[in-house]
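Throughout, read-outs are computed from the coordinates displayed, never taken from laboratory work. Not measured: the values here are computed from a predicted model. For neighbour counting, all protein chains shown are included, and Cβ atoms are generated from backbone atoms with ideal geometry for every residue, glycine included.
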Amino acid sequence: MGLAMPKRIALAVLPLLLAGLAATGAAAEPQKLVLSAGPKGEPALAFAQQLCTLVNLQQKRHNIACEVKESAGSVAALQALDGEEMHIAFGRADWLAQAAAGTGPFRD
């Protein structure tokens, strides 16, 4: 299967991300987009890195700088969204459902 599917997904999601961030207006310094995924070797991390590569290829056009921060796993990536440093987290669907419902490790 390789990375072909994530690339297609990234290409479909990329315009939405850029449109949403660019809507805030152009600034002298690029806006920062921080993705959380991980750990090393996980498909989510590779996907996030590819997505940032695509965003950064258009950095001058959209004034957005993307970076990926590796996490200990899905739970840590999703919990990082509580702060102001992370904008998007990638993780397993079962953990995402628990985060949305406020159950399991996301009760607080």
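A few remarks follow.
- In order through segment 78-93: 3J(HN,Hα) via Karplus (6.51 cos²θ - 1.76 cosθ + 1.60), integer Hz, x for Gly, Pro: 5, 5, 5, 5, 5, x, 9, 7, 9, 10, 9, 10, 10, x, 5, 4
- Dipole of segment 32-93, positive end: most advanced residue of Thr53, Ala77, Ser36 [Cβ charges, Cα centre]: Thr53
- Computed lengthening from Lys60 to Glu29, 0.36 nm per intervening residue step minus Cα-Cα distance: 10.1 nm
- Stretch gain in nm, segment Ala46-Ala100, where the contour uses 0.36 nm per residue and the Cα spacing is subtracted: 17.1 nm
- Here segment 52-108 is treated with +1 on each Lys and Arg Cβ and -1 on each Asp and Glu Cβ, and its dipole about the Cα centre works out to around 280 debye.
- For segment 35-49, backbone phi angles converted through the Karplus equation (6.51, -1.76, 1.60; θ = phi - 60°) give residue-by-residue couplings of 9, 10, 7, x, x, 3, x, 7, x, 4, 5, 4, 5, 4, 5 Hz, Gly and Pro being listed as x.
- Principal axis dimensions, largest first and in whole angstrom, of segment 66-108 by Cα: 29, 19, 14
- Inter-label distance, nm, simple model (7 Å from Cα along the C-beta direction), Glu70/Thr53: 1.7 nm
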